[in-house]
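Quick note: the coordinates plus some simple rules give every number you see, no bench work behind them. Worth saying up front: this structure is predicted, and the values here are computed from it rather than measured. Here the Cβ is made from the backbone with ideal geometry for all residues, glycine too, and neighbour counts use every protein chain on show.
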Amino acid sequence: MQVFTSIIVVSIFAGIFIATDIKDYKTRKANSVASIAHIISANSITPLLFQDNNEAKKILTELKNTSPDIVNAVIIDSAAKIFAIYSRVDAGPLEISHFLNGKTTEFSGKQLFVSENIMNEKQLMGKVLLEVDLSELEAIKKSRYEMAVILLLAAAVLSFLIASIVQRYISRRLLYLVDKMKQVSVTGNYNTTIVDNGKDEIGTLIRVYNNLMEQVRESQHKKDEFIGIASHELKTPLTSIKGYLDLLNTMEERQPNKQFVQKASDSVTKLERLIKDLLDVSKIQSGQLQLNIKEFNIDELINETINSFQMVSESHTIVKEDGLHYEQVLADRQRIEQVLINLLSNAIKYSPGENKVLVKSKRDGDHLLIQVRDYGIGIAKDELSEIFERFYRTKDSSVHISGFGLGLYICRDIITRHGGTIWATKEPKGSSFYFTLPIQQNSVTNPSSNNSNN
Amino acid sequence: MDKILVVDDDIDILTLVKMSLSLNGFKVEAISKWEQIYKSISGFVPDLILLDVSLGGADGREICKRIKTTTETEHIPVILFSANTEMEKSIGDCKAQAFIAKPYELGHFLDVIKSTIKHSKPN
């Protein structure tokens with residue numbers, strides 16, 4: 001578009017320039033020829049008075065040297081008879097008709113015709129008629145047109161280059177902004193500022209974006225602060241409640257009192273987990289969730305977690321299909337345990353009336369692959385990826401599920417931070433959750449183990 | 001009988017912890033004002049200090065550091081006690097022996113206390 005505009009502008013200017021130039025040339029030429037005619041006319045008075053043809057001829061022949069572009073020059077007397085004539089070697093016949101319309105100068109095709117009266121004391125003695133060859137003008141025209149075309153081409157190329165550079169500069173900044181915005185919407189991390197010193201509209205856009213992020217960060221910070229304080233304030237009375245219930249539990253032996261205490265304790269544990277999830281999400285969003293990476297045995301962790309679940313779950317049996325033997329991993333043990341607990345409690349929660357949950361683990365290249373499978377209500381295909389979003393709750397109304405919908409969001413963050421991936425698949429009955437963890441090559445086997453998998 | 005000094009500005013928790021520990025065979029002194037800690041250490045001579053981190057006006061970590069850099073008290077094991085689980089990271093920095101998060105599991109709570117006392121005593 002810019003290229004098109006600039007070509008039009010350049011052509012208009014070139015057109016005006018050429019037209020003025022030609023007009024200028026014509027005026028100058030007409031004036032100079034007119035003054036030549038005037039001189040000839042002044043010099044012709046005496047030869048006309050004395051009827052001296054030769055002298056008149058001599059005056060005209062002089063033109064050969066002084067004005068070589070004059071093709072024909074004629075002096076006629078008052079009776080319109082030719083008195084003297086000069087023709088250039090290559091000249092055609094002089095067309096008298098051009099002089100009969102009364103004008104003193106006339107451009108016609110490639111010729112200029114000039115006539116000048118020869119006056120002697122207010123008496124018309126004759127006329128000087130000049131025909132000028134304008135091939136010089138043609139040459140000028142040609143060169144001007146050529147220049148215009150070259151100028152146009154140069155302008156087109158130049159404006160194309162400038163336009164594409166400017167465009168690339170503009171679109172690079174715009175694309176960068178779009179990229180940053182996408183990142184923010186995907187990660188929920190608002191700690192981004194774009195450095196751009198542009199004074200143009202895009203610079204303004206970027207400044208607005210930075211201000212917006214600043215505001216979001218500020219409100220995020222306030223929210224985090226609030227959640228931090230709130231969860232501390234929630235945890236303190238919870239500590240008393242839990243503590244007294246624990247004490248009561250160790251002292252009370254009568255039924256159903258002991259059972260009531262147990263139920264109250266279970267609710268407190270749930271409440272505790274919800275507060276912990278809220279805090280974790282707040283940490284994830286403010287980028288403060290940090291991993292405490294250490295080497296540990298993943299089999300041991302899986303077995304421990306299953307065992308502790310088995311102790312409290314009366315409805316389900318958790319079956320472990322063993323594929324690993326003393327696999328050491330570098331990870332945050334507590335966080336991986338949190339993921340396992342989350343997946344197992346989901347598996348139980350979403351398979352009411354069933355009694356089996358399957359845990360499989362195996363080595364898959366340089367990754368560990370861990371699967372938790374249930375035989376429950378399953379997940380609709382279009383929900384398979386959505387379930388990892390914040391506050392997502394299944395649309396399946398056949399089950400009443402409690403919680404904030406934060407568990408899988410936290411799991412995904414933890415696994416991603418470890419360099420692994422987490423996903424869910426639909427099974428013929430129920431669903432499977434998988435996650436991977438990278439294995440460090442030098443720490444995969446425990447040499448002191450008899451059950452080495454080599 | 002092992003002696004434990006508990007410092008926490010929340011009276012409910014202070015009472016609970018005192019009761020829990022007393023019922024499990026410890027001798028307990030519980031104070032809600034951190035300013036009294038040095039007086040209690042010299043009078044009560046505890047085998048372990050259970051120290052809350054946010055003490056209303058004072059930081060348990062700073063107090064711990066001071067205990068651990070004073071010749072007369074540096075041998076007493078300190079357990080930091082907080083609802084903020086991030087505090088676990090600072091036990092190395094202030095030379096505390098262990099960390100217990102609030103709310104706690106009674107079994108785990110007693111285990112940590114017992115093992116910390118056991119480790120602090122010369123055989």
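Observations on the structure shown:
- Evaluating 6.51 cos²θ - 1.76 cosθ + 1.60 at θ = phi - 60° for every residue in segment B:27-43, the Karplus couplings come out as 9, 10, 10, 10, 10, 9, 10, 5, 4, 7, 4, 5, 4, 5, 4, 6, x Hz, glycine and proline recorded as x.
- From phi via Karplus (6.51, -1.76, 1.60), per-residue ³J(HN,Hα) for segment A:305-316 in Hz, x at Gly/Pro: 5, 4, 4, 5, 5, 4, 5, 9, 8, 8, 7, 10
- Near the amide H of B:ALA30, within less than 5 Å, lie the amide hydrogens of B:VAL6, all on another chain or at least 5 residues away, with H placed in the peptide plane.
- Averaging the sequence gap over all C-alpha pairs within less than 8 Å and six or more residues apart, then dividing by the number of residues, gives chain B a relative contact order of 21 percent.
- Between A:GLU327 and A:ILE298, A:ASP299, the built amide H atoms are under 5 Å apart, and every one of these is 5 or more places off in sequence or on another chain.
- Among the listed pairs A:LYS235/A:LYS276; B:LYS68/B:LYS114; A:LYS29/A:LYS57, those beyond 18 Å (Cα-Cα): B:LYS68/B:LYS114; A:LYS29/A:LYS57
- Cysteines without a disulfide-compatible neighbour (Cβ-Cβ under 4.7 Å), the protein assembly as shown: A:CYS411
- On the basis of the beta-carbon distance and an R0 of 30 Å, B:MET19 and B:LYS121 show a calculated FRET efficiency of 0.75.
- Cα-based equivalent ellipsoid of segment B:3-120: semi-axis lengths in Å, sorted from largest, via gyration tensor: 18, 16, 15
- Burial order of peptide ranges A:252-260, A:57-65, A:412-420 (average beta-carbon count within 10 Å, highest first): A:412-420, A:57-65, A:252-260
- Positive-end residue, the protein assembly as shown charge dipole about Cα centroid, Cβ charges, pick of B:ILE37, A:ILE22, B:ILE100: A:ILE22
- Taken over the protein assembly as shown, the ratio of Cα radius of gyration to 2.2 N^0.38 Å equals 2.07.
- Aspartates and glutamates with Cα under 19 Å of B:LYS3, excluding same-chain neighbours fewer than 8 positions away: B:GLU29, B:ASP47, B:ASP52, B:GLU72, B:GLU74, B:ASP111
- Across peptide B:99-105, the mean count of Cβ atoms from other chains lying within 10 Å of each residue's own Cβ comes to 5.
- Farthest toward the positive end of the dipole of the protein assembly as shown, out of B:ILE49, A:PRO237, A:LEU384, is the Cα of A:LEU384, where the dipole comes from beta carbon charges about the Cα centre.
- Inter-probe distance in nm under a simple model that places probes 7 Å from Cα toward Cβ, at A:PHE260 and A:THR425: 5.0 nm
- Value of relative contact order over segment A:1-97, rounded to a whole percent, pairs C-alpha under 8 Å and six or more apart: 17 percent
- Between A:ASN197 and A:GLN167, the FRET efficiency estimated from the beta carbon spacing at R0 = 22 angstrom works out to 0.70.
- The mean number of partner chain beta-carbon atoms within 10 angstrom of a residue's beta-carbon across peptide A:234-242 is 6.
- Summarising the amide proton neighbourhood of A:ILE118: residues at separation of 5 or more, or on other chains, whose placed amide H is nearer than 5 Å comprise A:MET125, A:GLY126, A:LYS127, A:VAL128.
- For segment A:20-35, putting each phi into the Karplus relation 6.51 cos²θ - 1.76 cosθ + 1.60 with θ = phi - 60° gives couplings of 4, 4, 5, 4, 4, 4, 4, 4, 4, 4, 4, 5, 5, 5, 4, 6 Hz, in residue order, rounded to whole numbers and with x for Gly and Pro.
- Unit charges at the beta carbon, dipole of the protein assembly as shown: most positive-side option, A:ALA347, A:TYR190, A:VAL74: A:VAL74
- Using only side-chain charges placed at the Cβ, +1 for Lys and Arg and -1 for Asp and Glu, the dipole size of segment B:3-120 relative to its Cα centre rounds to 360 debye.
- For segment A:269-359, the dipole from Cβ point charges (+1 on Lys and Arg, -1 on Asp and Glu) about the Cα centre works out to 400 debye, to the nearest 20.
- Dipole moment magnitude, nearest 20 debye, the protein assembly as shown about Cα centre, only Lys, Arg, Asp, Glu C-beta charged: 420 debye
- Chain A: calculated mean residue ellipticity at 222 nm from DSSP helix runs of at least 4, using -39500 (n - 2.57): -18500 deg cm²/dmol
- Sequence-separation-based contact order of chain A, relative, with Cα cut under 8 Å and 6+ spacing, percent: 10 percent
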